[in-house]
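Following: one structure in structure tokens, then a few remarks.
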Ligand SMILES: [Zn+2]
């Protein structure tokens, strides 16, 4: 038997012994998933911009109540009072974050102020000037956010302004590594820097991404493509991973980043990806609400509806 064959026989034996099929269990077999609107009984939308007017609030309350969903509401600095009043009136529906401006000359005081008001996180943040997120000048922000246990939602990838170069996912890795207790969410899975975003999340236990925006739309015809970036698994192994590393797909957290009425379409889109990648129940639970609930210590025992 030549060397190549020995390698094949050895590998096959290992595969059989481990109970694996020859194909990776999660290898997406070009399945075309059926429309799927199911949820694991509870949903937390981790990225929704608050628009402080009556019509928006009404639409939000109707839609999120109907779907037994909560949302991280990202409140602009000019709507802090109204946003907090809305959050306090609906504690079962709202997790309030403040959209501080990282260029504000009073950024440290701004963070203290929103924390004292009751905000649970900061974001969505944008690096629209000439510095990356991990530039030394921003260090005070991450330091303070970690100290106050505020989760931070960073915009990553292409932005509505047309800019993108300062919002690569890579710098989130430096911030995460230097502030291991800071919980970080990158928005939009770094679109189009998916591979970079995935590796940032893989190596840093405190980094997660949402996959809102155009990504799931432009890849709708190949919903299995995400396995190329979120690749680590029992089959491929977990090389160079931190002990607290989680399964690849669990690095994504559900979000919409649209009008409240867009919730249903986003559940459909997100499920299309989860179905194509063969996500198990635990993964769906963690993506749809588990990770964010754990971060904000939300007791889900009374929230999850049994089908
Ligand atoms: Zn964004």
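The values are calculated or read from the model by the stated rules, or taken from the named source; none is laboratory data. This structure is a prediction, so every number in the text was calculated from the model and none was measured. Positions of Cβ are backbone-derived with ideal geometry, glycine not excepted, and every protein chain shown enters the neighbour counts.
Being more than 16 Å from the ligand (Cβ to nearest atom) and crowded, with 18+ Cβ neighbours inside 10 Å is the filter here, so list the residues in the range 145-159 that pass it.
Scanning the range 145-159 gives 145, 146, 150.
Among (1) farther than 20 Å from residue 186 by Cα; (2) in a helix (DSSP H, G or I); (3) in contact (Cβ under 8 Å) with a residue 12 or more places away in the chain, where does residue 55 come up short?
Of everything listed in (1) farther than 20 Å from residue 186 by Cα; (2) in a helix (DSSP H, G or I); (3) in contact (Cβ under 8 Å) with a residue 12 or more places away in the chain, residue 55 misses just condition (3).
Residue under question is residue 188, and the condition is that it be modelled with pLDDT of 95 or more and within 22 Å of residue 289 (Cβ to Cβ); does it hold?
Against the criterion (modelled with pLDDT of 95 or more and within 22 Å of residue 289 (Cβ to Cβ)), residue 188 qualifies.
Being under 18 Å from the mean Cα position of the chain (by Cα), assigned to a loop (DSSP other than H, G, I, E, B) and within 15 Å of residue 100 (Cβ to Cβ) is the filter here, so list the residues in the range 124-170 that pass it.
126, 133, 150
In the range 243-264, what count of residues is obtained for those that are part of a loop (DSSP other than H, G, I, E, B), more than 16 Å from the ligand (Cβ to nearest atom) and modelled with pLDDT of 80 or more?
So the count comes out to 3.
Taking only pairs six or more apart or across chains, which ones have beta-carbon atoms under 7 Å, a first residue in the range 150-167 that is farther than 15 Å from residue 133 by Cβ and at pLDDT 95 or above, and a second residue that is within 12 Å of the ligand (Cβ to nearest atom) and in a loop (DSSP other than H, G, I, E, B)?
158/164; 158/191
Which condition from (1) on the phi > 0 side of the Ramachandran plot; (2) touching a helix residue (DSSP H, G or I) at 6+ places or on another chain (Cβ under 9 Å); (3) more than 13 Å from the ligand (Cβ to nearest atom) is the one that residue 162 breaks?
All conditions are met except number (2).
Just need a number here: residues in the range 165-217 that are surrounded by fewer than 18 Cβ atoms within 10 Å (Cβ to Cβ) and within 16 Å of the ligand (Cβ to nearest atom).
Selection size over the range 165-217: 5.
Which residue pairs have Cβ atoms closer than 6 Å, lie 6 or more positions apart in sequence or on different chains, and pair a first residue in the range 119-140 that is closer than 17 Å to residue 77 by Cα and free of Cβ contacts under 8 Å to residues at least 60 places away in the same chain with a second residue that is assigned to a helix (DSSP H, G or I) and away from the ligand (no atom under 16 Å from the Cβ)?
122/145
Failed condition for residue 225, given (1) more than 16 Å from the ligand (Cβ to nearest atom); (2) in a loop (DSSP other than H, G, I, E, B); (3) closer than 21 Å to residue 266 by Cα, with all others met?
All conditions are met except number (2).
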